[in-house]
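In what follows, a structure is listed as C-alpha coordinates, so that the remarks can point back to it.
The values are calculated or read from the model by the stated rules, or taken from the named source; none is laboratory data. Computed from a predicted structure; not experimentally measured. We place every Cβ from the backbone using ideal geometry, glycine too, and count neighbours over all the protein chains shown. To get the accessible areas, we keep the full protein, side chains included, count just its heavy atoms, and leave off ligands, DNA and RNA. Shrake-Rupley method; radii C 1.70, N 1.55, O 1.52, S 1.80 Å.
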Amino acid sequence: DSSFRRVLVFDVSAPTLASGMAATGVLGQVDFTSSVQATSQARFNGPQGLAYDSAQNRLFVSDTGSNRVLTFKVASITNGQDAGAVIGQSDFVSSFTGSGATRLFRPEGLAFDPAANRLFVVDRENNRVMVFNVATDVNGADAGAVFGASTFTVGAGIPLQQTFVKPYGATVDPARRRLYVSDSNGARIMMFDISNPTNGQAALNVVGQPEFESNFWGVSSQLMISPRGLALDPSGARLYAADYGNNRVLLFDVG
(Lines give C-alpha, C1' and ligand atoms only; values in the text may rest on other atoms or scores of the structure.)
Protein backbone atom coordinates (compact mmCIF):
# COMPACT_ATOMS: atom_id res chain seq x y z
CA ASP A 1 0.00 0.00 0.00
CA SER A 2 2.62 2.41 -1.30
CA SER A 3 1.01 5.80 -0.70
CA PHE A 4 0.29 4.92 2.94
CA ARG A 5 3.85 3.49 3.35
CA ARG A 6 2.77 0.08 4.53
CA VAL A 7 2.21 -3.57 3.61
CA LEU A 8 -1.17 -5.01 4.56
CA VAL A 9 -1.65 -8.66 5.47
CA PHE A 10 -4.93 -10.44 4.62
CA ASP A 11 -6.15 -13.90 5.56
CA VAL A 12 -7.36 -15.25 2.21
CA SER A 13 -7.82 -18.88 3.19
CA ALA A 14 -11.29 -20.26 2.47
CA PRO A 15 -13.88 -19.64 3.78
CA THR A 16 -12.63 -16.32 5.21
CA LEU A 17 -12.09 -14.67 1.82
CA ALA A 18 -14.73 -11.98 1.31
CA SER A 19 -15.14 -8.68 -0.50
CA GLY A 20 -14.14 -5.74 1.67
CA MET A 21 -12.50 -7.94 4.30
CA ALA A 22 -10.30 -6.34 6.95
CA ALA A 23 -6.54 -6.82 7.06
CA THR A 24 -5.15 -8.92 9.88
CA GLY A 25 -1.73 -7.29 10.10
CA VAL A 26 0.38 -4.40 8.90
CA LEU A 27 4.09 -3.83 8.28
CA GLY A 28 5.58 -0.36 8.13
CA GLN A 29 3.12 1.15 10.62
CA VAL A 30 2.24 0.42 14.25
CA ASP A 31 -1.51 0.43 13.53
CA PHE A 32 -4.01 0.56 10.66
CA THR A 33 -4.58 4.33 10.79
CA SER A 34 -1.00 5.64 10.66
CA SER A 35 0.97 6.49 7.52
CA VAL A 36 4.31 7.74 8.86
CA GLN A 37 7.08 8.05 6.27
CA ALA A 38 10.59 7.27 7.46
CA THR A 39 13.80 5.44 6.63
CA SER A 40 14.19 3.14 9.60
CA GLN A 41 14.13 -0.53 10.60
CA ALA A 42 10.33 -0.55 10.87
CA ARG A 43 9.18 2.17 8.43
CA PHE A 44 8.85 2.56 4.67
CA ASN A 45 9.22 5.31 2.09
CA GLY A 46 7.03 4.19 -0.79
CA PRO A 47 7.14 0.36 -0.80
CA GLN A 48 6.45 -1.31 -4.15
CA GLY A 49 7.52 -4.88 -4.90
CA LEU A 50 7.09 -8.07 -2.85
CA ALA A 51 8.60 -11.55 -2.90
CA TYR A 52 8.10 -14.45 -0.50
CA ASP A 53 10.42 -17.21 0.70
CA SER A 54 8.19 -20.00 2.02
CA ALA A 55 11.07 -22.14 3.33
CA GLN A 56 12.34 -19.46 5.73
CA ASN A 57 9.07 -17.54 6.12
CA ARG A 58 10.63 -14.34 4.81
CA LEU A 59 8.93 -11.46 3.03
CA PHE A 60 11.10 -9.19 0.88
CA VAL A 61 9.80 -5.64 0.31
CA SER A 62 11.33 -3.14 -2.10
CA ASP A 63 11.27 0.18 -0.22
CA THR A 64 11.56 2.17 -3.43
CA GLY A 65 11.77 5.69 -2.01
CA SER A 66 14.64 4.71 0.30
CA ASN A 67 16.56 2.77 -2.39
CA ARG A 68 16.59 -0.51 -0.49
CA VAL A 69 14.96 -3.90 0.07
CA LEU A 70 13.84 -4.91 3.57
CA THR A 71 13.53 -8.51 4.79
CA PHE A 72 10.89 -9.48 7.36
CA LYS A 73 10.45 -12.74 9.25
CA VAL A 74 6.73 -13.45 8.90
CA ALA A 75 6.12 -16.87 10.50
CA SER A 76 4.15 -14.72 12.91
CA ILE A 77 3.46 -11.04 12.34
CA THR A 78 3.36 -8.17 14.81
CA ASN A 79 2.07 -4.82 13.60
CA GLY A 80 4.97 -2.47 12.93
CA GLN A 81 7.65 -5.12 13.55
CA ASP A 82 11.28 -4.48 12.70
CA ALA A 83 12.88 -5.75 9.52
CA GLY A 84 15.54 -8.39 9.99
CA ALA A 85 17.91 -7.23 7.25
CA VAL A 86 18.40 -4.61 4.54
CA ILE A 87 19.74 -4.85 0.99
CA GLY A 88 21.00 -1.77 -0.85
CA GLN A 89 22.15 0.07 2.28
CA SER A 90 24.67 -0.70 5.02
CA ASP A 91 22.19 0.14 7.80
CA PHE A 92 18.52 0.84 8.39
CA VAL A 93 18.72 4.65 8.40
CA SER A 94 20.53 5.32 5.11
CA SER A 95 18.87 5.85 1.71
CA PHE A 96 21.78 6.54 -0.66
CA THR A 97 21.45 5.97 -4.41
CA GLY A 98 24.27 4.34 -6.31
CA SER A 99 25.28 1.87 -9.00
CA GLY A 100 27.84 -0.43 -7.38
CA ALA A 101 27.36 -4.02 -6.22
CA THR A 102 25.81 -2.87 -2.92
CA ARG A 103 23.62 0.05 -4.05
CA LEU A 104 20.18 0.45 -5.64
CA PHE A 105 18.33 3.33 -7.30
CA ARG A 106 14.54 3.08 -6.92
CA PRO A 107 14.15 -0.72 -6.87
CA GLU A 108 10.74 -1.94 -7.99
CA GLY A 109 9.90 -5.59 -8.72
CA LEU A 110 11.29 -8.55 -6.78
CA ALA A 111 11.46 -12.26 -7.56
CA PHE A 112 12.72 -15.05 -5.31
CA ASP A 113 14.30 -18.26 -6.60
CA PRO A 114 13.73 -20.96 -3.95
CA ALA A 115 15.94 -23.47 -5.76
CA ALA A 116 19.07 -21.35 -5.32
CA ASN A 117 18.14 -18.89 -2.53
CA ARG A 118 18.57 -15.97 -4.90
CA LEU A 119 16.67 -12.70 -4.85
CA PHE A 120 16.33 -10.79 -8.14
CA VAL A 121 15.89 -7.05 -7.60
CA VAL A 122 14.70 -4.88 -10.49
CA ASP A 123 16.89 -1.79 -10.07
CA ARG A 124 14.76 0.44 -12.27
CA GLU A 125 16.64 3.74 -12.48
CA ASN A 126 19.93 1.91 -13.03
CA ASN A 127 18.41 -0.10 -15.92
CA ARG A 128 19.50 -3.41 -14.44
CA VAL A 129 18.47 -6.44 -12.39
CA MET A 130 20.64 -7.30 -9.37
CA VAL A 131 21.11 -10.90 -8.24
CA PHE A 132 21.64 -11.44 -4.50
CA ASN A 133 22.43 -14.65 -2.62
CA VAL A 134 20.05 -14.52 0.34
CA ALA A 135 20.67 -17.93 1.90
CA THR A 136 21.56 -15.88 4.98
CA ASP A 137 20.51 -12.33 5.83
CA VAL A 138 23.38 -9.83 5.70
CA ASN A 139 22.95 -6.05 5.82
CA GLY A 140 24.39 -4.34 2.76
CA ALA A 141 25.27 -7.60 0.98
CA ASP A 142 27.10 -7.53 -2.35
CA ALA A 143 25.20 -8.69 -5.42
CA GLY A 144 26.61 -11.81 -7.00
CA ALA A 145 25.66 -10.89 -10.56
CA VAL A 146 23.86 -8.24 -12.60
CA PHE A 147 21.68 -8.39 -15.71
CA GLY A 148 21.45 -5.35 -17.99
CA ALA A 149 25.08 -4.25 -17.60
CA SER A 150 28.45 -5.95 -18.09
CA THR A 151 29.69 -4.74 -14.70
CA PHE A 152 28.03 -3.21 -11.63
CA THR A 153 27.41 0.09 -13.37
CA VAL A 154 24.35 1.81 -14.83
CA GLY A 155 22.77 -0.06 -17.73
CA ALA A 156 22.73 1.50 -21.19
CA GLY A 157 18.98 2.17 -21.26
CA ILE A 158 18.50 1.02 -24.85
CA PRO A 159 16.59 -2.04 -26.15
CA LEU A 160 19.14 -4.77 -26.85
CA GLN A 161 19.44 -8.45 -25.97
CA GLN A 162 21.61 -7.66 -22.92
CA THR A 163 20.09 -4.34 -21.79
CA PHE A 164 16.93 -2.83 -20.28
CA VAL A 165 14.94 0.38 -20.66
CA LYS A 166 13.49 1.14 -17.22
CA PRO A 167 12.60 -2.44 -16.15
CA TYR A 168 9.80 -2.83 -13.63
CA GLY A 169 8.60 -6.32 -12.61
CA ALA A 170 9.98 -9.85 -12.38
CA THR A 171 8.96 -13.43 -11.71
CA VAL A 172 10.85 -16.73 -11.49
CA ASP A 173 10.10 -20.17 -12.91
CA PRO A 174 12.24 -22.31 -10.55
CA ALA A 175 11.57 -25.59 -12.34
CA ARG A 176 12.64 -24.36 -15.79
CA ARG A 177 15.35 -22.05 -14.35
CA ARG A 178 13.90 -18.97 -16.00
CA LEU A 179 13.58 -15.34 -14.97
CA TYR A 180 11.04 -13.07 -16.67
CA VAL A 181 11.57 -9.30 -16.49
CA SER A 182 9.08 -6.67 -17.69
CA ASP A 183 11.20 -4.10 -19.49
CA SER A 184 8.64 -1.34 -19.08
CA ASN A 185 9.87 1.43 -21.39
CA GLY A 186 11.09 -1.21 -23.83
CA ALA A 187 7.46 -2.44 -24.06
CA ARG A 188 8.60 -6.05 -23.77
CA ILE A 189 9.25 -8.99 -21.44
CA MET A 190 12.71 -10.54 -21.37
CA MET A 191 13.41 -14.17 -20.45
CA PHE A 192 16.75 -15.25 -18.89
CA ASP A 193 18.36 -18.55 -17.99
CA ILE A 194 19.19 -18.43 -14.27
CA SER A 195 21.02 -21.73 -13.95
CA ASN A 196 24.26 -19.81 -13.48
CA PRO A 197 23.70 -16.03 -13.57
CA THR A 198 26.60 -14.00 -15.04
CA ASN A 199 27.13 -10.28 -15.46
CA GLY A 200 25.55 -8.89 -18.61
CA GLN A 201 24.29 -12.20 -19.90
CA ALA A 202 22.01 -12.16 -22.93
CA ALA A 203 18.30 -12.85 -22.72
CA LEU A 204 17.05 -16.10 -24.23
CA ASN A 205 13.86 -14.69 -25.69
CA VAL A 206 11.62 -11.64 -25.86
CA VAL A 207 7.83 -11.23 -25.62
CA GLY A 208 6.11 -8.14 -26.98
CA GLN A 209 8.60 -7.38 -29.76
CA PRO A 210 9.52 -9.21 -32.99
CA GLU A 211 13.23 -8.95 -32.09
CA PHE A 212 15.44 -7.69 -29.26
CA GLU A 213 16.30 -4.36 -30.91
CA SER A 214 12.69 -3.33 -31.61
CA ASN A 215 10.74 -0.89 -29.46
CA PHE A 216 7.19 -0.85 -30.85
CA TRP A 217 4.33 0.28 -28.60
CA GLY A 218 0.74 -0.72 -29.36
CA VAL A 219 -2.43 -2.57 -28.48
CA SER A 220 -2.70 -6.05 -30.00
CA SER A 221 -2.07 -9.67 -29.02
CA GLN A 222 1.66 -9.10 -29.60
CA LEU A 223 2.30 -5.52 -28.50
CA MET A 224 2.15 -3.76 -25.11
CA ILE A 225 2.58 -0.33 -23.54
CA SER A 226 4.62 -0.14 -20.34
CA PRO A 227 4.26 -3.71 -18.99
CA ARG A 228 4.72 -3.90 -15.21
CA GLY A 229 3.69 -6.72 -12.86
CA LEU A 230 4.29 -10.35 -13.84
CA ALA A 231 3.05 -13.66 -12.44
CA LEU A 232 3.41 -17.32 -13.43
CA ASP A 233 0.94 -20.10 -12.76
CA PRO A 234 2.37 -22.99 -10.67
CA SER A 235 3.12 -25.11 -13.75
CA GLY A 236 5.18 -22.33 -15.31
CA ALA A 237 3.23 -22.66 -18.54
CA ARG A 238 1.24 -19.42 -18.35
CA LEU A 239 2.69 -15.96 -17.88
CA TYR A 240 0.38 -13.11 -16.82
CA ALA A 241 1.57 -9.60 -17.69
CA ALA A 242 0.02 -6.36 -16.46
CA ASP A 243 -0.08 -4.28 -19.66
CA TYR A 244 -0.30 -1.02 -17.72
CA GLY A 245 -0.56 1.42 -20.61
CA ASN A 246 -3.37 -0.56 -22.25
CA ASN A 247 -5.40 -1.14 -19.04
CA ARG A 248 -5.37 -4.92 -19.34
CA VAL A 249 -3.65 -8.15 -18.30
CA LEU A 250 -2.24 -10.34 -21.06
CA LEU A 251 -1.86 -14.12 -20.83
CA PHE A 252 1.03 -15.79 -22.71
CA ASP A 253 1.66 -19.50 -23.23
CA VAL A 254 5.34 -19.85 -22.27
CA GLY A 255 5.38 -23.61 -21.62
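Tabulated data
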{"item": "Unmet requirement for residue 138, which otherwise passes all of (1) more than 24 Å from residue 9 (Cα to Cα); (2) within 18 Å of the chain's Cα centre (by Cα); (3) surrounded by fewer than 19 Cβ atoms within 10 Å (Cβ to Cβ); (4) not basic (Lys, Arg)", "result": "(2)"}
{"item": "Tabulated pairs, segment 54-67, first over 18 Å from residue 103 (Cβ atoms), second among the small types (Gly, Ala, Ser) and open to solvent by 60 Å² or more (accessible area, probe 1.4 Å), C-beta under 7 angstrom, 6+ apart or interchain", "result": "57/75"}
{"item": "Failed condition for residue 25, given (1) open to solvent by less than 80 Å² (accessible area, probe 1.4 Å); (2) without any contact (Cβ under 8 Å) to a residue 40 or more places away in the chain", "result": "(2)"}
{"item": "Residue check, residue 248 more than 19 Å from residue 111 (Cα to Cα) and either in contact with a helix residue (DSSP H, G or I) (Cβ under 7 Å, 6 or more places away or on another chain) or open to solvent by less than 70 Å² (accessible area, probe 1.4 Å) (or both)", "result": "yes"}
{"item": "Evaluation of residue 226 against (1) open to solvent by less than 20 Å² (accessible area, probe 1.4 Å); (2) in contact with a Pro (Cβ under 9 Å, 6 or more places away or on another chain) (one fails), failing number", "result": "(2)"}
{"item": "Tabulated pairs, segment 132-150, first at pLDDT 95 or above, second of a type in the set (Phe, Trp, Tyr), C-beta under 7 angstrom, 6+ apart or interchain", "result": "141/132; 143/132; 143/152; 144/132; 146/152; 147/192; 148/164"}
{"item": "Subset of segment 204-213 that is at negative phi and in a loop (DSSP other than H, G, I, E, B) - its residue that is surrounded by the most Cβ atoms within 10 Å (Cβ to Cβ)", "result": "209"}
{"item": "Test: residue in segment 77-87 that is among the hydroxyl-bearing types (Ser, Thr, Tyr) and in contact with a Phe, Trp or Tyr (Cβ under 8 Å, 6 or more places away or on another chain)", "result": "no"}
{"item": "Matching residues in segment 43-56 - criterion: being under 18 Å from the mean Cα position of the chain (by Cα), over 14 Å from residue 120 (Cα atoms) and of a type in the set (A, V, I, L, M, F, W, C)", "result": "44"}
{"item": "Segment 228-255 residues that are assigned to a loop (DSSP other than H, G, I, E, B), paired with ones that are among the aromatic types (Phe, Trp, Tyr) (beta carbon under 9 Å, 6 or more apart)", "result": "233/240; 254/180"}
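A quick yes/no check of all residues on (1) over 22 Å from residue 68 (Cα atoms); (2) touching a residue at least 60 places away in the same chain (Cβ under 8 Å); (3) surrounded by 18 or more Cβ atoms within 10 Å (Cβ to Cβ); (4) touching a helix residue (DSSP H, G or I) at 6+ places or on another chain (Cβ under 6 Å):
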| site | (1), (2), (3), (4) |
| --- | --- |
| 11 | yes, no, no, no |
| 19 | yes, no, no, no |
| 37 | no, no, no, no |
| 52 | no, yes, no, no |
